[in-house]
2 protein chains.
Amino acid sequence: MPYDPTKLADWQIAEEAEKNMPKPEEWVDRLGLQKDEIIPMGRVCKLDFMKIIERLKDKPDGKYIEVTAITPTPLGEGKSTTSLGLIEGLGKRGKNVGGCLRQPSGGPTMNIKGTAAGGGNALLIPMTEFSMGLTGDINDIMNAHNLAMVALTARMQHERNYTDEQLQRLTGMRRLDVDPTRVEFGWVIDFCAQALRNIIIGIGGRYDGYMMQSKFGIAVSSELMAILSIVTDLADLRKRLDEITLAFDKTGKPIYTKDLEVGGAMCAWMRNTINPTLCCTVEYQPVMVHAGPFANIAVGQSSIIGDRVGLKLFDYHVTESGFGADIGFEKFWNVKCRLSGLKPHVSVLTTTIRALKMHGGGPKVVPGLPLPEEYKKENLELVEKGIPNMVHHINIIRKSGMNPVVCINKFYTDTDEEIKLVRKAAEEAGALCAVSEHWLKGGEGALELADAVIEACEKPTDFKYLYPLEMKLRERVELIAKEVYGADGVAWTPEAEAKAKMLESDPKYDDFMTMMVKTHLSLTHDPTLKGVPKGWVLPIRDVLIYSGAKFLCPCAGTISLMPGTSSNPAFRRVDVDVKTGKVMGLF
Amino acid sequence: MPYDPTKLADWQIAEEAEKNMPKPEEWVDRLGLQKDEIIPMGRVCKLDFMKIIERLKDKPDGKYIEVTAITPTPLGEGKSTTSLGLIEGLGKRGKNVGGCLRQPSGGPTMNIKGTAAGGGNALLIPMTEFSMGLTGDINDIMNAHNLAMVALTARMQHERNYTDEQLQRLTGMRRLDVDPTRVEFGWVIDFCAQALRNIIIGIGGRYDGYMMQSKFGIAVSSELMAILSIVTDLADLRKRLDEITLAFDKTGKPIYTKDLEVGGAMCAWMRNTINPTLCCTVEYQPVMVHAGPFANIAVGQSSIIGDRVGLKLFDYHVTESGFGADIGFEKFWNVKCRLSGLKPHVSVLTTTIRALKMHGGGPKVVPGLPLPEEYKKENLELVEKGIPNMVHHINIIRKSGMNPVVCINKFYTDTDEEIKLVRKAAEEAGALCAVSEHWLKGGEGALELADAVIEACEKPTDFKYLYPLEMKLRERVELIAKEVYGADGVAWTPEAEAKAKMLESDPKYDDFMTMMVKTHLSLTHDPTLKGVPKGWVLPIRDVLIYSGAKFLCPCAGTISLMPGTSSNPAFRRVDVDVKTGKVMGLF
């Protein structure tokens, strides 16, 4: 310890570290749990969140720390690695620390990523379980989701085949009269299956369903996953599962899951997903894994339940939001914390010299192609020019009343002079700043970061939302565009504006959260614009409605709910040692 | 104890019994396991089969008991209930007994059945876990299966979009040149989704897959499930996962999973499925659950691995085969036991007065409609006339050299005179016979059955296969048709015969198993012909080839790999108690 990540692949580091992973009974001792609050599931455990929350309801919460990032390159700037490194660093300082991260989807894992468990000495274990299904939460969501589509499509077939009288006699059901051109819901599968993005189903005869267009999304884009990440308990989950809009009838009225009497069975399939799964870092600090929703149509963060448990069990609880601070942190701040009622203290802004150089005008960074020379050699000018992007993100965090800590995720090519520039700018912008080498050195490499976070946690905070819940949709979007993204204003298409007006006038949507859909590769809606663009207007083309999750999603860009599998996918390199059952080749 | 199944629903009995279910450490003591041979997974455990088999390799096997049935009515004659009742009865007699059963699919469970956990006092617990996904084996199979389709369809897209030179440069891959009209493999989902039976995929542009016809089957019909049920270990699984035929290229050559470099990742997704899951009866005898393949294109039985473990751990190991003895037992006898090399002792033939009356000319039995009067009142003539069906099945069992035991699964409407008739005929045909009331009374009600099975286990056996592996395909089918089904011969369509000749002449297929596809509702291929039809010929229309499972399936009927969801599905009645997380409404 630490392992040498320049010589060992992540799965090899994981294999070594996994030999000494805490057993369930050790977790019970270490975390002060009751025996029935932990549910062993092979090498991991589920935590019985309702029992834990009930027992500790009077215990004060720990410090709540969120990890975000500046506008990233397409390669990502190491937010998960930083979250795990921070947990390890706080652990090395003797703190009672833990965290909660998202569960990765099998799609990206088998496509490009191999895993999403961090890397080097800032790694989550057991890595195979984490990367490949864990205790089955995503599968449970997939089954619950698809059951709704089975219910809908079977109903459409039976309604076509039978008269009202027959329907009533056979099933006691009334005719729903689904408009086949207005089926909103699709199917899900946990892989990047572009071939299923647009499909025609129900080909055949009278008993082969109902012929219509349909679609598959990736399982983690499911509204059910969006719901899991924001519910406060099982009753909340059950209620929302009744309210999902599946389609519209021929008069334009929504058809909900409850109309198909399928919400209860969906909840039964999701019954185990409600409890977070307990994993750990390679330095054995506890890390829960719970939920993994998309960062555009959902919060892109691990669950509220996970944070509630963590704040009771740990003095320092670390979590992470998706994308950069403009998109991910904004949702943490105004949606996740509003729904949970929890008050966060510190936001860690993951920053790399590489990303700052890109914002300063460096050449395009393309995944799969070699990194241009500018990124490997000292170039103070590009760093200097890129710094405003970081400062912009620091200011976003400061608007929430939380204390920002810039973490420079150090690469071995970064020079002292480059780092000095960034540190100076961060401190001038009102943030603490730390350099961290957790990938190379684990917790030892993250001590400076840990100390900065401890210091920031002791400073006073004044957490407040950007807008009150009473603010109308278009005003909210205007405020987010100006205050968070730095736009001059918002331009609604006539269709989107009409929809927004309808939503503003219907009190049913008063408690719906605003969930912006925008690229994470720029502060604007245009992924090619780097740095801090000025003099631009945010276009809104549509507002998506998720009635179960209670989200309204104003769209400043197109979104695909089904990624594609690349021409050189990671599954080619994955295999099993048939003597030991160990999985090899996850990177 | 016993519970009153005339007053309590199965899920209510389960809930009561589950309060005292053995904990992992109790199983370790009771089954004499090492601590690391049991893997707790919530309320159930996985058994580490490789460790157990290795440790006990020199211990003699227990008695191997299979449960089958006469030709059933469409309602089923209670084979699972009888298996569980027998285990309970042997337990009440103080025997070290256990069993292995199939895992049910979510499709039928949410559609008609509600559960497949037996019923009354012959019930498997924990019932919710058993009925709804258990430890995720079916989900793992679904993901592994669909990953192969992702690999195939993505490859077809990339091969269309790129030149040979580009393909080589981007991915190092050669062109497979898949014939889009000859894609054999489909996708799977674990529900009865008739709307996905025939679909068109890949609609859209250049990056939306490859447009072609495609299909979904139910997950348990997957070739991967067929494989899981017959492999002897992980190495065997890994090897077979490389050999699955996905499609043919434009020259007619098969394209295997190994050509897409996806077999290793498929095995990684299936890594946990190799270990059986340990559940128990409501009287707490151990029952493993492992694999749940279709009974037509696969063995329709729980796994060889489960039986290997059970025969080491128990003095009496009970398992069950699908359908009636003509289809299910024949596969147990000639396929499962041949592949495992295990020698079974006793076959229990589940018989009901109801089914015998149907075979004797009673009115049609239709699920969902009230049972005609003939089935509720004494009718010795119908019973007498139906008995030859039972005798035919006894004779099938006797041809294997195993000892038959007829179990009369008693309903409260059955009269003593009716039972006397059946007992006399069974004994004259060379079988032991017992009446059992396990549904009503649990193990106490199954003591007569347990005693008959103990007695039959002590009698000598002379287990031998119906045909040697050297026998050619058409000869095998002829022998099965005549000796097992009672046909006069076999009529091959010209296409099927040409395919059979090709298969007979290619040594590659020499070790492939013969897996008959035929209705279970008649000894013939025609489900309306009851009793023991005479003077008929078995038509064979096609021979399906499963190159990973190494099965050749001669088809005497059409098969659907995707059932439909009915107009009054069971999911309507399933719900969750949000205070306790308990699932209600499974019947």
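The values are calculated or read from the model by the stated rules, or taken from the named source; none is laboratory data. Remember, predicted model here, so these are calculated numbers, not experimental data. Methodologically, a virtual Cβ is constructed for each residue, glycine included, from the backbone with ideal geometry; neighbour enumeration extends over all protein chains shown. Side chains are part of the model used for accessible areas, which takes the heavy atoms of the whole protein and leaves out ligands, DNA and RNA. Shrake-Rupley method; radii C 1.70, N 1.55, O 1.52, S 1.80 Å.
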Checklist entry - Along the charge dipole of chain B, which of B:Leu147, B:Trp536, B:Tyr64 sits closest to the positive end, that is, farthest toward it, with unit charges on the beta carbon of Lys, Arg, Asp and Glu (+1, +1, -1, -1)? => result B:Leu147
Next on the checklist: Please compute the per residue accessible area over chain A with all protein chains in place, 1.4 Å probe, rounded to a whole number of Å².
Outcome noted: 35 Å²
Next on the checklist: If I histogram all Cα-Cα distances within the range A:404-539 using bins 5 Å wide from 0, what percent of pairs lands in each bin?
Outcome noted: 2, 8, 13, 13, 14, 14, 13, 9, 7, 5, 2, 0
Next on the checklist: Run the Debye formula on the Cα coordinates of the range A:266-414, all scatterers equal and no solvent, and tell me log10 I(q)/I(0) at q = 0.21 1/Å.
Outcome noted: -1.31
Checklist entry - Distances from B:Asn20 to the same residue in each other copy, label points 7 Å out along Cα→Cβ, in nm, shortest first? => result 4.5
Checklist entry - Ranked highest first by average number of other Cβ atoms within 10 Å, how do A:245-254, A:218-227 line up? => result A:218-227, A:245-254
Next on the checklist: Compute accessible area for the range A:254-284 by itself and then with all protein chains, 1.4 Å probe, and report residues whose area falls by 20 Å² or more.
Outcome noted: A:Glu261, A:Gly264, A:Ala265, A:Ala268, A:Trp269, A:Arg271
Checklist entry - Of B:His158, A:Ile53, B:Ala429, which is farthest along the charge dipole of the protein assembly as shown in the positive direction, counting Lys and Arg as +1 and Asp and Glu as -1 at C-beta? => result B:His158
Item to check | Helical mean residue ellipticity (222 nm; -39500 (n - 2.57) per DSSP H run of 4+; nearest 500) of chain A | outcome: -9500 deg cm²/dmol
Checklist entry - How much of the accessible area of the protein assembly as shown, in percent, comes from carbon and sulfur atoms when a 1.4 Å probe is used? => result 52 percent
Item to check | Cα point-scatterer Debye curve for the protein assembly as shown, base-10 log of I(q)/I(0) at q = 0.07 Å⁻¹ | outcome: -0.68
Checklist outcome for this item: Quick calc: nm separation of the 7 Å Cα→Cβ label points for B:Lys459 and B:Thr580 -> 4.6 nm
Checklist entry - What is the dipole size for the range B:137-269, taken about its Cα centre, with +1 at each Lys and Arg Cβ and -1 at each Asp and Glu Cβ, in debye to the nearest 20? => result 380 debye
Checklist entry - How do A:Arg55, B:Arg169, B:Arg308, B:Arg271 stack up against each other in accessible area, from largest to smallest, with a 1.4 angstrom probe? => result B:Arg169, A:Arg55, B:Arg308, B:Arg271
Item to check | Rounded to the nearest 10 Å², the accessible area of B:Glu384 at probe 1.4 Å | outcome: 100 Å²
Item to check | Nearest-0.05 FRET efficiency for A:Arg174 and B:Ile112, computed from C-beta distance (R0 30 Å) | outcome: 0.85
Checklist entry - What's the extension gain from A:Glu16 to A:Ile419 if we count 0.36 nm per residue and subtract their Cα-Cα distance? => result 141.8 nm
Checklist entry - If you take the beta carbon distance between B:Ala235 and B:Leu342 as r and set R0 to 25 Å, what does 1/(1 + (r/R0)^6) give as a FRET efficiency, to the nearest 0.05? => result 0.85
Item to check | Value of Rg/Rh across the range A:137-269 [Cα atoms, Kirkwood radius] | outcome: 0.97
Item to check | Rough spin-label spacing in nm, given labels placed 7 Å along Cα→Cβ, for B:Arg30 and B:Arg573 | outcome: 2.9 nm
Item to check | Top positive-direction residue, dipole computed over chain B with Cβ charges, set B:Thr128, B:Met211, B:Leu313 | outcome: B:Met211
Checklist entry - Which percent of Cα-Cα pairs in the range B:473-555 sits in each 5 Å bin, short to long? => result 3, 16, 26, 24, 17, 9, 5, 1
Checklist entry - What full-extension length gain, to one decimal in nm, is calculated for B:Thr245 and B:Lys51 as 0.36 nm per residue of separation minus the Cα-Cα distance? => result 66.6 nm
Checklist entry - So how far apart, in nm, are the two label points at B:Arg206 and B:Glu495 if each is 7 Å from Cα heading toward Cβ? => result 3.9 nm
Checklist entry - What do you reckon, how do A:Lys550, B:Lys534, B:Lys482 stack up by accessible area (1.4 Å probe), largest on top? => result B:Lys534, B:Lys482, A:Lys550
Checklist entry - Dipole of the protein assembly as shown, Cα-centred, from +1 at each Lys and Arg C-beta and -1 at each Asp and Glu C-beta, to the nearest 20 debye? => result 960 debye
Next on the checklist: Could you report the buried accessible area between B and A, both sides summed, computed with a 1.4 Å probe and given in Å² to the nearest 100?
Outcome noted: 6200 Å²
Checklist entry - Which residues of the range B:29-50 bury at least 10 Å² of accessible area once all protein chains are present, versus their chain alone (1.4 Å probe)? => result B:Lys35, B:Ile39, B:Pro40, B:Met41, B:Gly42, B:Met50
Checklist entry - Can you give the average number of partner chain beta-carbon atoms within 10 Å of each beta-carbon in peptide B:138-146, as a whole number? => result 4
Checklist entry - Across peptide A:203-210, how many C-beta atoms of other chains are within 10 Å of each residue C-beta, on average? => result 5
Checklist outcome for this item: Most packed first (mean Cβ within 10 Å per residue), the peptides B:194-206, B:140-152, B:495-507 order as B:140-152, B:194-206, B:495-507
Checklist entry - Where does each of B:Glu283, A:Glu483, A:Glu427 land when they are ordered by accessible area, with a 1.4 Å probe and the largest first? => result A:Glu427, A:Glu483, B:Glu283
Next on the checklist: Are there DSSP H segments in chain B that both extend 20 Å or more along their axis (alpha-carbon positions) and score a mean Kyte-Doolittle hydropathy of at least -1.0? List them, or say none.
Outcome noted: B:137-161, B:380-399
Item to check | Average beta carbon contacts from partner chains per residue of B:151-159, 10 Å cutoff | outcome: 4
Checklist outcome for this item: Length gained if B:Tyr412 through B:Glu475 is fully extended, taking 0.36 nm per residue and subtracting the Cα-Cα distance, is 18.2 nm
Next on the checklist: Keeping all protein chains in the complex and leaving out DNA, RNA and ligands, what accessible area do you get for A:Glu455 with a 1.4 Å probe, in Å² to the nearest 10?
Outcome noted: 100 Å²
Next on the checklist: Rounded to the nearest 10 Å², what accessible area does A:Tyr3 have for a 1.4 Å probe in the complete protein model?
Outcome noted: 40 Å²
Checklist entry - Can you pull the percent of Cα pairs in chain B with separation above 40 Å? => result 25 percent
Item to check | Members of the range A:215-250 that become less accessible by 50 Å² or more once partner protein chains are added (1.4 angstrom probe, chain alone as reference) | outcome: A:Leu234
Checklist entry - When each copy gets a label point 7 Å from Cα toward the beta-carbon at A:Arg206, what are the spacings between them in nm, shortest first? => result 4.7
Checklist outcome for this item: Computed curve, the range B:495-540, Cα-only Debye sum without solvent term, log₁₀ I(q)/I(0) at 0.14, 0.18, 0.23, 0.27 Å⁻¹, is -0.50, -0.70, -0.85, -0.97
Checklist entry - In nm, what does the list of distances from B:Met471 to its counterparts in the other copies look like, shortest first, when each label sits 7 Å along Cα to Cβ? => result 8.0
Checklist outcome for this item: Quick shape summary for the range A:326-468, equivalent ellipsoid via Cα gyration tensor, semi-axes whole Å in descending order, reads 28, 17, 14
